[in-house]
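Bear in mind these aren't lab numbers, they're just calculated from the coordinates by the rules spelled out. Bear in mind the structure is a predicted one, so any value in this text is a computation, not a measurement. Virtual Cβ from ideal backbone geometry, glycine too; neighbours counted across all protein chains shown.
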C-alpha cells in the first residue's frame, strides 16, 4: 500500500512542479521571443531608414554601392526608376526572387495605404511579410520622388537567422526543462519516500501495538474464562465448592483489574497520540508532591523490607506552574517500577534539586530554569543495550519478563508526560547496582498573588 502511495505522491509532486516549470518556461519563451522579434524589427526599421537616407543623398547610384549596401545590411534590394528596374537588379535575379519581390509589393499595396502630405515628399514603410513558400521576411518599401519621376526601393531582410536563434533557444530550454524534470521527479521520489517514513513507522507501531495489546489481553481473558468454566463445572463433573468459587472469583477480580489498568493505559496513550489530553498550568509545589508520593509508597516499600528515603532541598522550593496530578502520576510510575524490581533488603531514594532562578534585567523577571527529580534504586538494573528501548510501548527488559503486573506501558506513559512538560527523562546506572531515572522539568515561577 505504501509503495502505491509513494509512487502516486511522486507523480503528484513531480507532475505539479514540472507543470509549473513548463508554464514558467513557456511564459518566459513567449516574452523573450516577442521581445527578440520586436527588437529585430525596430533594428530593421532603423537600418532601412538610414539606408534610404543614404540613398536619397546619392547623386549617382552605382552597382558597387548597391552591392555594398546589400552586403553590409544582409538584405536584398530591388530598385526601379519610373517603373523600370535598374540593371543591378538583374545581376542575381531569378524566378524565386522575382516572385518573392512581387508578392511583397502586392502585400504592401493591399495592406498599407500611401499617406503623404506632399507628392514630392519621400516616404517608406517597414512591415513583416511571409511569402507563399513559407519564408518569413522583414520588408521595407520606399518611394523617393525626383524631377523626372520617382524611384521605388524594396528591401527584403530574410528571418532565417532569427528563426534559428529562436529554435536554438527553444532547444536549450527543452534540454534544461527535461533535465530539471528528471531531477524534480528524482527529488520527489526520495522526498516523498522520506516524508512517508514517519507514517509507515506509525503504521507499523500501531500494528505492533495492537498485536502486543491483543497478546496482553489474551492471558487475563483466558484466565477469566477458565475460572468461569471451573465455577460452572464445565471442565469437571461437578461445580466448584463455595470455597473454590470464592478463590476463582478473587482470581477473576484480579485479572479484571489487570485488564482495566491495561485499557486505561492504552486509552491514555491514544489520547496522547492524538494530542487529546491537556496539561494544566496551575501553581504547584514540587517538594510537597514528592512528599505525598513518598508517603503513598512508603508502606509498600516497608512490606518488601526496602529502605525508602527522600532528599529535599534545605530551603522550601517556591511554587511553580505545572500540572500536579500529572506529576504525581509520573512519580507513581517510577516508584512503582522501583519497588517492583528492587529485591528485599534493597534501597530506593527519591530526591529533588533545583538551581534557584536568577533575576535579570531592570524588570527583575525570573529566568526560566529546570528542577531535577531522581528516583534511584538498587534493583536488578537495566542493561546498556536496553536503555534506549525501555520507553517503547509494551517493551519489558528481559530481566523483568516474569513481572505479571507490568505491561511495558508505564515508562512510555512517563515519557509522554515528561514531553508534555517540555522536559526530559533518562536512565543511568546507580553506583553499586540498580537504575536511576532522572527527570528535568522546567521551573516556571508561579505569579505572586495580587495584594488585597
Ranked 40, 111, criterion: other C-beta atoms within 10 Å, fewest first: 111, 40
Cβ-derived FRET efficiency at R0 51 Å, residue 200 paired with residue 165, nearest 0.05: 0.50
Residue order, fewest to most beta carbons within 10 Å, for 16, 155, 382: 16, 382, 155
